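Structure, as structure tokens:
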Amino acid sequence: MAPMRVAIGGISHESSTFATVPTTLVDFERRHYAEGDKLLTTFADTRTGIGGFLAAAAEADFTVVPTLFAAAMPGGPVTAEATRALVDRLTAGLRVAQAEGPLAGVLLDLHGAMVSELDDDGESFILRAVRAVVGADLPVLVELDLHGNVTPEMIDLATVTMAYDEYPHTDPYERGHELGLLLARIVREGVRPTTALVRIPLLAGLQRQYTHAEPMLGVKRLAHELEAEPGVLAVSYLPGFAWADIPPTGFSVIATTDGDPAQARQIADRLARFVWERRGEFVVRPLPVEEAVRLAMAAPAGPIVLADIGDNPGGGTPADGTVLLDALLRLGATRAALAPLNDPEAASPAQASGEGSRLTLRLGGKTDRFHGQPLTVSGRVVRVTDGRFVHTGPMSTGVVIDLGPTAVLALEGWAGGEVEVVVTTHRYQPTDLGIFRTQGIEPTDRQILAVKSSVHYRAAFTPIAKQIIEVDTPGLTSPHLDGLEFRHLTRPIYPFDPDMTWHP
Ligand SMILES: [Zn+2]
């Protein structure tokens, strides 16, 4: 008997409806993009969702039919043109696959928080197009990021929906692998997934979504306990992505059982109640900027990690915020390094003037009005690189990163001191020590490491950090959600409506 054929692909984007720059086709094509067989060579042996699908397919003796995988850096909503082009390419791949013979199933790596100009619910838009090609009955298993804002339509369109368990996202590979093996049980053993979704009216601060501390650690533990009950196939918890001003935004839990909808419902309700009882713990309380910098400078030993949580490009910000850099230069910090500062207009002259040269330029704060002013700074060009490196740490291991032309500037502090800044041409969230090491900065030798990230930096930086401080910088990932103008959220929702009552 010929091996069963399984199509693999995905389109992944986390969209901030508050970000001012829309996400275009080029943003996908130059970030993570692979069509056809290129998907196999790009993702084999990577710790990604697609990498997990491929490993499970090999174990289950499936023949893989690669279609398209495309992911862009989080940013503004995906343009209509990009949405149509990507969905057309994905479904064209599925049509070709079907023309060559029957498919046993489809494994899709999506996000869950993609907002398209064509549809607030980008994943359902993708899944409707997929169903139009493969029909209503073919198993279509979907992996989501834990930041997905899940809708009932997504759940109805997918056969199984499973999210990452960890934030930082160290387990996309494991969840992809788990889904691939579950597909084998569906097509060979007659497992019949049935799913319950409960949406909780809660906007969870990103910093409190960290899955290695409370309150999320307890949520994770209970989910794993429930997942171990007989008949349960998968339990997921998605605290969601609050910077999407759309009705479905919030916390969701998903339970999938083998043919028992009442059991799925009961498990989802129980987990949802557990989350709701802890809603007050999802509020973030970061340290004011100057207080954080002074604390880091005074610490007896480094590195002290300062998390610039207001300007996390992983949440769609420009990564050119200057508020933390301004404080470091003003207060005289030294042996301090900051990454990244995304500013192509500054990276380019630094590249041109070359290593060892001195220059004065306007740096950062150029994209919008939310992330501080451009700073006039002077210093030396310490290093110029092409900005390409491979992740070797616990997140996205094996994935190639392209920062574009990159320069390390050693900037003179205005009250003495010196701050090294990694100035990039493309946005990047610092989730790997390679962001410093490949630019000639040994992070363990520095007193202060400032990183533009909400939580993901913790996977790589916790092992070397003497202390981690969440800094209250302004920006489009600031935890002060009340500073944003929400118009389309479903109300009431906690913490905006603190006295509300709710039960699943
Ligand atoms: Zn995420």
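Please treat every number below as a calculation from the coordinates, not as lab data. As the structure is a prediction and not an experimental result, all values here were calculated from the model. Neighbour counts are summed over all protein chains in view; Cβ atoms, including those assigned to glycine, are modelled from backbone coordinates with ideal geometry.
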So how do PHE496, PHE274 line up by other beta-carbon neighbours within 10 Å, fewest first?
PHE496, PHE274
Which aspartates and glutamates have a Cα lying under 13 Å from the Cα of LYS466, excluding residues fewer than 8 positions away in the same chain?
ASP445
Using alpha-carbon positions, what is the distance between the centroids of region 5-83 and region 450-504, in Å?
26 Å
Using DSSP, restrict attention to beta bridges with both residues in the chain and report what percent are antiparallel, rounded to the nearest 5.
50 percent
Using a Förster distance of 45 Å, how high is the FRET efficiency between GLU59 and THR490, based on the Cβ-Cβ distance and rounded to 0.05?
0.65
What are the ³J(HN,Hα) couplings of region 83-90, residue after residue, when phi is run through the Karplus curve with 6.51, -1.76, 1.60 and θ = phi - 60°? Round to Hz, x for glycine and proline.
4, 4, 4, 5, 5, 4, 5, 5
Within a Cβ distance under 14 Å of LEU287, other residues only, what is the Lys/Arg minus Asp/Glu net charge?
-3
LYS366: which lysines have alpha carbons under 28 Å from its alpha carbon, excluding same-chain residues fewer than 8 sequence positions away?
LYS452
Multiplying the sequence separation of ASP386 and VAL400 by 0.36 nm and subtracting their Cα-Cα distance, what value in nm do you get?
3.8 nm
Just rank TYR167, TYR33, TYR237, fewest to most, by other beta-carbon atoms within 10 angstrom.
TYR33, TYR167, TYR237
Work out how much length VAL21 to ASP45 would gain on full extension: take 0.36 nm times their residue separation and subtract the Cα-Cα distance, in nm to one decimal.
5.3 nm
Give the relative contact order (percent, whole number) for the chain; include only Cα pairs under 8 Å separated by 6+ residues.
16 percent
I need ARG388, ARG208 ordered by Cβ neighbour count within 10 Å, fewest first.
ARG388, ARG208
For region 103-118, Karplus-derived ³J(HN,Hα) couplings (6.51, -1.76, 1.60; θ = phi - 60°; whole Hz; x for glycine and proline) come out as 9, 8, x, 10, 10, 10, 9, 10, 10, x, 10, 8, 9, 10, 4, 8
Mind jotting down the distance between the C-alpha centroids of region 252-318 and region 137-214, whole Å?
18 Å
Total charge of the residues flanking ARG208 in space, meaning their Cβ is under 12 Å from its Cβ, with Lys and Arg +1 and Asp and Glu -1, is 0
In whole Hz, the Karplus estimates of ³J(HN,Hα) for region 184-201 (6.51, -1.76, 1.60; θ = phi - 60°; x where Gly or Pro) are 4, 5, 5, 7, 10, 10, x, 4, 10, x, 9, 10, 10, 10, 10, 9, 9, x
